[in-house]
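Undergrad: The structure is given below, and queries will be raised subsequently.
The values are calculated or read from the model by the stated rules, or taken from the named source; none is laboratory data. Remember, it's a predicted structure, so these values are computed and weren't measured experimentally. As a convention, Cβ positions derive from the backbone with ideal geometry for all residues, glycine included, and neighbour counts pool all protein chains shown. Heavy atoms of the whole protein, side chains included, go into the accessibility calculation; ligands, DNA and RNA do not. Shrake-Rupley method; radii C 1.70, N 1.55, O 1.52, S 1.80 Å.
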Amino acid sequence: MAHPNLLYPNLAIGENGHLLFDGRDTVELAETYGTPLILLSEDRVREHCRAYAEAIAAFLPAGSGALYASKALSFRQIYPIVASEGLGADVVSPGELATALSAGFPAERIFFHGNNKTDADLRFALERGVGTIVVDNLEELARLDELAGEAGRRQGILLRITPGIDPHTHAKISTGRVDSKFGSAIETGAADAIVAAALAAEHVSLLGFHCHIGSQIFDAAPFIDAAEIMLAFMARVRREHGFTARTLNLGGGFGVRYTEGDPEVDVAVNIRELGEAVTRACEREGLERPSILLEPGRSLVADAAITLYTVGSVKEIPGFRNYVSIDGGMTDNPRYTLYQAKYTMLLANRAAEPAEFPATIGGRCCESGDLLGEGVAIARPVRGDLLAVLTTGAYTYSMASNYNRVCRPPIVILRGGEDRLGVRRETFDDLMACDM
Ligand code: LLP
């Protein structure tokens, strides 16, 4: 049945009017596991991983690959899924690193990011044999060199460089401009200084460079701009510092469809265009093509998950708006509160009904800003209906909190007609686990 809110092929409406996700009746799953509930399609995550892997193998230089930016969704079971698809992992904190390692993710395939790694973070990464540390700044480099020396290691590193690009996304999520807490800028000379220091350091081995220009980017153009700036920088580094970088990591950022108005990104087409641009730029600069790493987060997991909530009160305020309250909100998904991020929603138990009711979706927190959307078109709900919010796999569970001592929802993983718990629902004991 065609319905404008069915954004991806694994969404459908059953004959009983229930929303089907991966062919599974979402109402039944909500009855089994309770709400709020995050359903994650393992098959869809794997499909996305393969799309990247195949396009990278076809269009990028030898040795290129994808790393899962695990900040998008970090919990133990996600790591073996992406590992088995041949991806590496990007972690940004010792907590993500510990989670990846405890799930058996191979340490040598881990890239450790962060603009402020503490000494303890660096020691932990060194002890556990993390393959690559992405060094952000001079102080970190000096400290890492000392600690690697103490640990008797020569640590592989990339240097995070700020190429000075604004990919025209939401200001809060664009991190590649000169005015940034991340990396060392080319324009200011900081990049040259850190290259010289890295080449002089005894206990690190400089493998190449990293940049990240932003998130939710729908075409290859900003990545091509970044690649051209970085390759020109690499050519200059070769001339001026005598160092030829073998690796260029271009970070993450391909976008996903939150609403019908968002374009669909064809990963293969974009990676082909990027590959062609890299080849042209290398010819121009007289460089051998480096291996290219990409760090997709959102585009691997976002549209692989939906969140189900139970509707509580429905308040129609004449002349104003209609408030529909749900049993979750900013605690499991703070993205509307933080970024006014738009979502597509529908009633999972009455999915075929026309979406004619403009609703402001309110969470359960004592906070007026706790909303999941305003002016969202859904069928007119009543208490007990099930609200499905689509495209919630990225930056929702990973940004969840226990504000108001609300328990975080479980993640149920769907695969080949089976369902299993990826993360169980939090309990009140969990909430008090650290309280003395
Ligand atoms: N690599 C680096 C160094 C990054 O900083 C990021 C995201 C990624 C890769 C992955 O980017 P992706 O493929 O997911 O776009 N909380 C925000 C998004 C913050 C993104 C931060 N960095 C949101 O909810 O929209």
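Undergrad: Based on Cβ point charges of +1 for Lys and Arg and -1 for Asp and Glu, what charge dipole magnitude is obtained for region 35-93 about its Cα centre, in debye rounded to the nearest 20? Don't skip to the end; give the middle numbers.
TA: Numbers: 5 positive and 6 negative charges, 29 e Å.
Dipole magnitude for region 35-93 comes out near 140 debye.
Undergrad: Just to verify a number: FRET efficiency for A98 and R383, C-beta to C-beta distance, R0 = 30 Å, to 0.05?
TA: Values: r = 42 Å, r/R0 = 1.38.
Approximately 0.10, to the nearest 0.05.
Undergrad: Could you work out the relative contact order of region 43-196, using alpha carbon pairs under 8 angstrom and six or more residues apart, expressed as a whole percent?
TA: Details: 222 pairs, mean separation 22.2, N = 154.
So the answer I get is 14 percent.
Undergrad: Tell me the Kirkwood radius of region 113-296: reciprocal of the mean inverse pair distance over distinct alpha-carbon atoms, in Å.
TA: One decimal place: 17.0 Å for the Kirkwood radius.
Undergrad: A follow-up question, please. Among the aspartates and glutamates, which have Cα under 18 Å from the Cα of K117 when same-chain residues fewer than 8 positions away are ignored?
TA: D90, E96, E127, D136, E139, E140, D145, E146, E150
Undergrad: On average, how much accessible surface per residue is there in the chain, in Å², for a 1.4 Å probe, leaving out ligands, DNA and RNA?
TA: Each residue of the chain exposes 41 Å² on average to a 1.4 Å probe.
Undergrad: Here is a further query. Could you state the orientation-averaged shadow area of the convex hull built on the Cα atoms of the chain, in nm² to one decimal?
TA: The number I arrive at for the chain is 21.9 nm².
Undergrad: A further question on this structure: Determine ³J(HN,Hα), in whole Hz, for all residues of region 387-395 in sequence, where each value follows from phi through the Karplus function 6.51 cos²θ - 1.76 cosθ + 1.60 and θ = phi - 60°; x replaces Gly and Pro.
TA: Per residue, the Karplus-derived 3J(HN,Hα) values read 9, 9, 10, 8, 6, 10, x, 10, 6 Hz.
Undergrad: If r is the Cβ-Cβ distance from K181 to S401 and R0 is 22 Å, what FRET efficiency results, to the nearest 0.05?
TA: Working from the Cβ atoms, E equals 0.50.
Undergrad: From the phi angles alone, apply the Karplus equation (6.51, -1.76, 1.60; θ = phi - 60°) to region 275-286 and give each ³J(HN,Hα) in whole Hz, x where the residue is Gly or Pro.
TA: Result, ordered by residue: x, 5, 5, 5, 4, 4, 5, 5, 4, 4, 8, x Hz.
Undergrad: So for the pair S313, T279, with labels modelled 7 Å out along Cα→Cβ, what separation do we get in nm?
TA: Using points 7 Å along Cα→Cβ, the separation is 6.3 nm.
Undergrad: Here's a follow-up. Full extension from Y323 to V269: what is 0.36 nm times the residue separation minus their Cα-Cα distance, to one decimal in nm?
TA: Working: separation 54, 0.36 × 54 = 19.44 nm, distance 4.18 nm.
This chain segment gains 15.3 nm when fully extended.
Undergrad: Restricting to Cα atoms and excluding each atom paired with itself, what does the Kirkwood estimate give for region 11-136 in Å?
TA: Numbers: mean 1/r = 0.0604 Å⁻¹.
One decimal place: 16.6 Å for the Kirkwood radius.
Undergrad: Plugging the Kirkwood radius over Cα pairs into Stokes-Einstein for region 340-436, at a temperature of 37 °C and a viscosity of 0.692 mPa s, what D comes out in µm²/s?
TA: It diffuses with D of about 210 µm²/s by this estimate.
Undergrad: Per DSSP H run of n ≥ 4, the term is -39500 (n - 2.57); total these for the chain, divide by its residue number, and report the mean residue ellipticity at 222 nm rounded to 500 deg cm²/dmol.
TA: Details: 12 runs with 128 residues, N = 436.
It comes out at -9000 deg cm²/dmol, rounded to the nearest 500.
Undergrad: Leaving out ligands, DNA and RNA, what percent of the accessible area of region 14-146 is carbon and sulfur, probe 1.4 Å?
TA: 49 percent
Undergrad: Loop-only trypsin sites (Lys or Arg not before Pro) in region 292-330, please: DSSP not H, G, I, E or B, and at most 14 other Cβ atoms within 10 Å. It would help to have the intermediate numbers written out before the result.
TA: Numbers: sites: R298, K315, R321; in loops: R321.
Loop-located and lightly packed - R321.
Undergrad: While we're looking at this one, here's another question. Against the longest alpha carbon principal axis of the chain, how many degrees, from 0 to 90 and to the nearest 10, is the axis of helix 42-59 turned?
TA: 30 degrees
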